[in-house]
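Since the structure comes first, as structure tokens, the remarks are kept for the end.
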Amino acid sequence: MSKYSPTEIEAKWQQTWADQGLDTTPEDTTKPKFYALSMFPYPSGNLHMGHVRNYTITDVVARVRRMQGYRVLHPMGWDAFGLPAENAAIDRGIHPAKWTYQNIDQMRAQLQKLGLSYDWNREVATCSPDYYKWTQWSFLQFLEAGLAYQKESAVNWDPIDQTVLANEQVDSAGKSWRSGAKVERKLLRQWFLKITDYADELLSDLDQLPGWPERVRLMQENWIGKSTGAQVVFQTESGDELPVFTTRPDTLWGATFMVLSPEHPLVEKLTTADQAEAVKTYQTAAAAKSDIDRTDDTKEKTGVWTGSFAINPVNDEQIPIWIADYVLMGYGTGAIMAVPAHDQRDFEFARKFSLAIKLVVQPEGDARSGDTLTEAWPGDGVMVNSGPLDGIPAGKGDGQSVAAAIQWLETNGKGKGEANYRLRDWLISRQRYWGVPIPVVHCPSCGIVPVPDDQLPVTLPEDVEFSGRGASPLAKLDHWVNVPCPSCGEPAKRETDTMDTFIDSSWYFLRYADANNEGAIFDSAKVNDWLPVDQYVGGIEHAILHLLYSRFFTKVLRDRGLINIDEPFKRLLTQGMVQAITYKNPQTGKYIPPAEVNPDDPKDPSTGDPLEVFYEKMSKSKYNGVDPKDVLQKYGADTARMFILFKAPPEKDLEWDDADVEGQYRFLNRVWRLVSEFATAHPNAATALPPELSKAEKDLRRAIHTAIKEVSEDIEGDYQFNTAVSELMKLSNALSDAKCADSPVYAEGIETLVKLLAPFAPHIAEELWRQLGHQESVHQSGWPQLDTAALVADEITLVIQIMGKTRGTIQVPASADKAALEQYARESEAAQRYIEGKTIRKVIVVPKKLVNFVLG
């Protein structure tokens, strides 16, 4: 018998499977389909343990479904556009494409060493022109449907480098990562997709996703943020309209001032001459702040009066119009009505600037007024000082005032009830090079002109200089920017913005169904056949944006007649993080590499300070990462897979432990010896069962089919792979302890163990399956079939108790009734030792479990 050598057998079978095309997606549509998908990675160049966990989970699901008779689509690709490649170009002088494709090659090789059953024929890379051609084509579908538009929006602006910065390039102090300049907010004309048109459907269709974790659905629901209320139009003294949305239209009679965003288009017109300087100064200061800073409720409120007034439409009172940075132009209408008596932020603002405070919801049994308030009253009460609403119950509970206010507004033509959403339209413009060029041309005569389909893709030019300074690299290339208008032929200019990389990942799962189609984005029939994805696996960090945008894309393409599904992902699993022991000096805040620490007495080797010891997500900066390459070299891919699956349920965080990795390696060695010894001793073992089985054979067969039942149940539903691996260990132990190694039942058990192991540890299972004399792959051998009759025990173990204490056990027929159980117990040697010559006052029989004798 040869020794278990994972490095040798894993390389051999990976090559064999590739040569055989074992994981190629079947075209036979007579079988039920199963689409298993992991969220594709950004090609950073190296896998980390989080990747390994994600992909192993999905691979087990895919392998099990293949063995169960499904035709399985299990693809992989690369989310390959993004800022890191452009930064590499700046820092190292290497073109983003070269850097990216080198990383893809490296990571593909790493994935293949894990034995993941991907159909590499369907590999996609979002940076490849044959992929982003269809990303551009999709954008034009949005444009044609009226779902893509341009408007001015604020960006992070580096005043020294004269360039736009991504949020990730702005540090916690609000400074540029490269120049160190204080980042400003600047308005640029940018592209948006009208996701808000689908807000209601995106919200309501969450009910169609029972296979998603409840917390993910709740996160999406909160992000969409539907609220009901009313839109009311205030008018300025000069007649301009200022629409506002409010969830509490019943408090309109308490609105004593208005606040506009400093960027509101009417600010300049509303600002009087004597307030012009103060307003301009304030606008400049607000432009330098991030949205997070501006909306921080803990900071002191600031603002400036414009010098103008608005008319409150419900009582015709003049109220002053202010600007304040806590109102953002990108949210709502950029204008709010302020009701300081009932909103704490408005209350603090009013107190600071000595503005009127008018109570309109009176707490029951309370005589307070606006002048006596020490803080806003947001609670329930009765409407007062509100004209037609006076006396009506108010509040968020059983209050009737909101409905009454909406009815009054609509009857009097002052406003209307409507729903509003926290969700904003999706800003997709990026002033960067390494992304998908937006396929439109700006013509002085024709306006925005889409690039014709037969001219797609608009490819990225390669003769680009990367400095990190000035305008987008694309905007500097005159030969690329200046083109004839596709409509009139006159000189025009290409759009120089590229698309947000979330666009690329919002439809990749559709492309996999027909990945090599050169003539269309995909064949609709193939997408309608494979979609939705039956099991999607990825990190909780993608719970909102990626999943929401993918749902949006799916619904738009459905409405364009390209597909017939409403939702892209039927079931979602968000796997937990991989954590490792971490050492931190609480005095300095520095992390210490484990190699420099004595785990029995953890101290900082430089200072001698005692260290904090805890588990934290693996990270280079915390020195607690484990390189998958090292684990594979020492133990092999099968051991790494088994540890990851055994250590914790998929949705829970996993704590890395070298001892547990070693434990799984030892288990696989035991399985290797068990099966190899059997294969050597029984080269042509029969598995046909004899008509009669001995007790030992029955017991073993019960263990075999218990394993089939338990593992099959564990790989359904919530995917309890950890308990499935435990069942494999139990079956291995049962086989090791069995006294019928020459029986066909034992041969059945050996083959069942190898089959059940195959999705978890595919290489060793394949090698052992071949040793057992099979020519076809174990992965094509079919999932073991459960024989429920084998689970039924002919005999049970009956516990004998005397005065409640266990004194022994006996084997009795499983069919014995209470009287028979008592008789068996009385006659047993264990009972006779204690009841002989004694008076039995009572006999307690618990069917199928125990008999207890109570003595006098």
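Select from segment 717-759 the residues that are open to solvent by less than 30 Å² (accessible area, probe 1.4 Å) and β-branched (Val, Ile, Thr) and list them in ascending order.
Correct list: Val725, Val745, Ile750, Thr752, Val754.
For Ile800, only one of the following conditions fails: (1) within 24 Å of Lys698 (Cβ to Cβ); (2) surrounded by fewer than 14 Cβ atoms within 10 Å (Cβ to Cβ); (3) in contact with a helix residue (DSSP H, G or I) (Cβ under 9 Å, 6 or more places away or on another chain); (4) not polar (S, T, N, Q). What is its number?
Failing condition for Ile800: (2).
Could you give me the residue pairs with C-beta distances under 7 Å whose first residue belongs to segment 645-658 and is in contact (Cβ under 8 Å) with a residue 60 or more places away in the chain, whose second residue is of a type in the set (Val, Ile, Thr) and part of a loop (DSSP other than H, G, I, E, B) wherever it lies, and which are 6+ apart or on separate chains?
That search, which allows pairs on different chains as well, returns Trp656/Val626.
For the subset of segment 691-712 comprising residues that are out of contact with any helix residue (DSSP H, G or I) (no Cβ under 7 Å at 6 or more places or on another chain) and modelled with pLDDT under 95, which member is surrounded by the most Cβ atoms within 10 Å (Cβ to Cβ)?
That would be Asp699.
Among the residues of segment 803-842, write down those that are open to solvent by less than 40 Å² (accessible area, probe 1.4 Å) and over 27 Å from Leu791 (Cβ atoms).
Hits for segment 803-842 are Ala830, Ala831, Ile835.
Determine whether segment 319-332 contains at least one residue that is more than 25 Å from Arg185 (Cβ to Cβ), more than 42 Å from the chain's Cα centre (by Cα), of a type outside the set (A, V, I, L, M, F, W, C) and assigned to a helix (DSSP H, G or I).
No: segment 319-332 contains no residue that is more than 25 Å from Arg185 (Cβ to Cβ), more than 42 Å from the chain's Cα centre (by Cα), of a type outside the set (A, V, I, L, M, F, W, C) and assigned to a helix (DSSP H, G or I).
Residues that are open to solvent by less than 70 Å² (accessible area, probe 1.4 Å) and closer than 27 Å to Thr135 by Cβ: which helices (runs of 4 or more DSSP H) entirely in segment 1-115 hold 3 or more of them?
In segment 1-115, 49-67, 83-92, 96-112 are the helices (runs of 4 or more DSSP H) which contain 3 or more residues that are open to solvent by less than 70 Å² (accessible area, probe 1.4 Å) and closer than 27 Å to Thr135 by Cβ.
Can we say Asp130 is more than 26 Å from the chain's Cα centre (by Cα), more than 30 Å from Ala761 (Cβ to Cβ) and buried (at least 20 other Cβ atoms within 10 Å of the Cβ)?
In short, no.
Would you tally the residues in segment 567-584 being at pLDDT 95 or above, open to solvent by 60 Å² or more (accessible area, probe 1.4 Å) and in a loop (DSSP other than H, G, I, E, B)?
Of the residues in that region, 1 qualify.
Please indicate, with yes or no, whether at least one residue in segment 654-673 is in contact with a Ser or Thr (Cβ under 8 Å, 6 or more places away or on another chain), open to solvent by 50 Å² or more (accessible area, probe 1.4 Å) and either within 14 Å of Ile750 (Cα to Cα) or outside any helix (DSSP H, G or I) (or both).
Yes.
Only one of these conditions is not met by Gln633: (1) in a loop (DSSP other than H, G, I, E, B); (2) of a type outside the set (A, V, I, L, M); (3) at negative phi. Which number is it?
(1)
Of the residues Asp453, Asp529, Asp478, Asp463, which single one is free of Cβ contacts under 8 Å to residues at least 12 places away in the same chain and open to solvent by 10 Å² or more (accessible area, probe 1.4 Å)?
Asp478
Do we find that Asp371 is part of a helix (DSSP H, G or I), open to solvent by 40 Å² or more (accessible area, probe 1.4 Å) and farther than 26 Å from Val267 by Cβ in this structure?
Here the answer is yes, as Asp371 does meet what is asked.
List, please: which pairs have Cβ atoms under 9 Å, are six or more places apart or on different chains, and start with a residue in segment 197-220 that is over 18 Å from Gln575 (Cα atoms) and open to solvent by 80 Å² or more (accessible area, probe 1.4 Å) and end with one that is of a type in the set (Lys, Arg) and assigned to a helix (DSSP H, G or I)?
Every condition considered, the pairs that remain are Asp207/Arg217.
Give me the helices (runs of 4 or more DSSP H) completely within segment 171-289, filtered to those with at least 2 residues that are of a type in the set (A, V, I, L, M) and within 30 Å of Leu143 (Cα to Cα), ordered by residue number.
Passing ranges, in order: 199-204, 214-224.
Of all the residues that make up segment 613-630, how many are of a type in the set (A, V, I, L, M) and either without any contact (Cβ under 8 Å) to a residue 12 or more places away in the chain or open to solvent by less than 10 Å² (accessible area, probe 1.4 Å) (or both)? Steps first, please.
Here is the first cut: in segment 613-630, the residues of a type in the set (A, V, I, L, M) are 613, 618, 626.
After this cut, where a residue has to be either without any contact (Cβ under 8 Å) to a residue 12 or more places away in the chain or open to solvent by less than 10 Å² (accessible area, probe 1.4 Å) (or both) as well, the list is none.
Counting residues in segment 613-630 that are of a type in the set (A, V, I, L, M) and either without any contact (Cβ under 8 Å) to a residue 12 or more places away in the chain or open to solvent by less than 10 Å² (accessible area, probe 1.4 Å) (or both) gives 0.
From the list Asp346, Asp297, exactly one residue is in contact (Cβ under 8 Å) with a residue 12 or more places away in the chain and surrounded by 22 or more Cβ atoms within 10 Å (Cβ to Cβ). Which is it?
On the way: Asp297 fails: surrounded by 22 or more Cβ atoms within 10 Å (Cβ to Cβ).
One residue alone meets the criteria, Asp346.
The values are calculated or read from the model by the stated rules, or taken from the named source; none is laboratory data. Computed from a predicted model, the values in this text were never measured in an experiment. Ideal geometry is used to build each Cβ from the backbone, glycine not excepted, and the neighbour counts take in all protein chains shown. Each accessible area value is taken on the protein alone, full model and side chains, heavy atoms only, with ligands, DNA and RNA left out. Shrake-Rupley method; radii C 1.70, N 1.55, O 1.52, S 1.80 Å.
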